[in-house]
Amino acid sequence: MEASCLELALEGERLCKAGDFKGGTAFFEAAVQVGTEDLKTLSAIYSQLGNAYFYLKEYGKALEYHKHDLTLAR
């Protein structure tokens with residue numbers, strides 16, 4: 001059984017809240033790959049990815065995902 005985009009994103013969020021930002025980004029990236037038609041969910045995933053990469057000090061990737069989030073928000 002394949003996990004849905006939302007299920008993957010929720011696991012990514014759980015891992016990030018536990019301080020495992022590297023693991024969290026893997027689940028968020030997987031959620032993006034699965035995809036969703038819900039733009040609010042996708043926007044939230046991009047935001048969380050940006051935050052996780054910021055905490056990992058990967059500022060270029062953090063900015064990239066925050067820009068994706070901003071594009072969807074507009």
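Within the accessible area of the chain, what % is carbon and sulfur when the probe is 1.4 Å and the other protein chains stay in place?
Working: 2760 of 4920 Å².
Roughly 56 percent, rounded to a whole number.
Using only the Cα atoms, work out Rg/Rh for the chain, with Rh taken as the Kirkwood radius, to two decimals.
My calculation of the ratio gives 0.95.
As a test of reading the structure, rank Asp38, Asp69 by solvent-accessible area (1.4 Å probe, protein chains only), most first.
Numbers: Asp38 70, Asp69 30 Å².
From most exposed to least exposed: Asp38, Asp69.
Which aspartates and glutamates have a Cα less than 20 Å from the Cα of Lys40, not counting those fewer than 8 places away in the same chain?
Glu7, Glu11, Glu13, Glu29, Glu64, Asp69
Length gain on complete extension for the stretch Ala26 to Leu39, per 0.36 nm per residue less the alpha carbon to alpha carbon distance?
Working: separation 13, 0.36 × 13 = 4.68 nm, distance 2.00 nm.
Gain on extension, Ala26 to Leu39, equals 2.7 nm.
Given the protein chains as shown and a 1.4 Å probe, how many square angstrom of Leu72 are accessible, to the nearest 10?
Looks like 60 Å² after rounding.
Mean separation of Cα pairs under 8 Å and 6+ residues apart, divided by the residue count of the chain: what relative contact order is that in percent? Numbers along the way, then the final one.
Working: 86 pairs, mean separation 19.9, N = 74.
Value for the chain: 27 percent.
Given the rule -39500 (n - 2.57) for each run of at least 4 DSSP H residues, summed and divided by the residues of the chain, what is its mean residue ellipticity at 222 nm, to the nearest 500 deg cm²/dmol?
Details: 4 runs with 59 residues, N = 74.
The helix-only estimate for the chain comes to -26000 deg cm²/dmol at 222 nm.
Per residue, how much accessible surface does segment 13-74 expose to a 1.4 Å probe? Answer in Å², no decimals. Walk me through the numbers on the way to the answer.
On the way: 4060 Å² over 62 residues.
That works out to 66 Å² per residue.
The values are calculated or read from the model by the stated rules, or taken from the named source; none is laboratory data. All figures in this text were calculated on a predicted structure; none of them were measured in a lab. Accessible surface is based on the protein model in full, side chains and every heavy atom, while ligands, DNA and RNA are left aside. Shrake-Rupley method; radii C 1.70, N 1.55, O 1.52, S 1.80 Å.
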